[in-house]
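Derivation of every value follows stated rules applied to the coordinates shown; laboratory data play no part. Model, not experiment: these values are computed from the prediction. Note that we place each Cβ from the backbone using ideal geometry, even for glycine, and neighbour counts take in every protein chain shown.
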Amino acid sequence: MRALRKNKTLQYGIPMMVLIIGGSFGLREFAQIRYDAHKLHSKVDPALEERIRNNKVTLESEYEKMKNDTYEDWKNIRGPRPWEDSKSVQEQQREKQQT
């Protein structure tokens with residue numbers, strides 16, 4: 001019995017292997033719970049899924065709409081800074097754009 005207690009493989013190796021192997025099984029179970037919860041939250045309402053399927057807007061159709069537009073009169077208007085009042089900045093930008 002004393003010889004078994006002094007054996008380093010039994011003293012350190014076996015507990016380490018139990019932790020490694022047991023940890024991998026435990027981690028797999030916790031990860032499976034995560035994936036199962038994700039499946040439950042990702043279900044789509046059937047009515048919404050039907051609307052998405054019936055929507056015939058494609059990238060090509062949107063490109064065709066935008067292809068013939070002219071952007072020569074387009075102006076870049078900056079948004080308000082965090083310390084500025086957004087309403088007053090928008091009014092100033094509109095006044096500048098109209099003149």
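A Förster distance of 41 Å, applied to the separation of the beta-carbon atoms of ALA47 and SER24, puts the FRET efficiency at 0.45. The charge dipole of the chain, taken about its Cα centre with unit charges on the Cβ of Lys, Arg, Asp and Glu (plus for the first two, minus for the last two), comes to roughly 1260 debye. Show me, bin by bin at 10 Å from 0, the whole-percent P(r) of the chain based on Cα pairs. Calculated P(r), rounded to whole percents: 10, 13, 13, 17, 15, 11, 10, 7, 4, 1. Region 65-99 to region 1-56: how many Å between their Cα centroids? Here the two parts' Cα centres lie 52 Å apart.
Net length available on complete extension from HIS38 to ARG81 is 11.7 nm, with 0.36 nm assigned per residue and the Cα-Cα distance removed. Note on region 20-67: Lys pairs 8 or more places apart or on different chains, Cα atoms under 29 Å apart, count 4. Across the options GLN93, ILE14, GLY79, the greatest Cα extent toward the positive end of the charge dipole of the chain (unit charges at beta carbon of Lys, Arg, Asp, Glu) belongs to ILE14.
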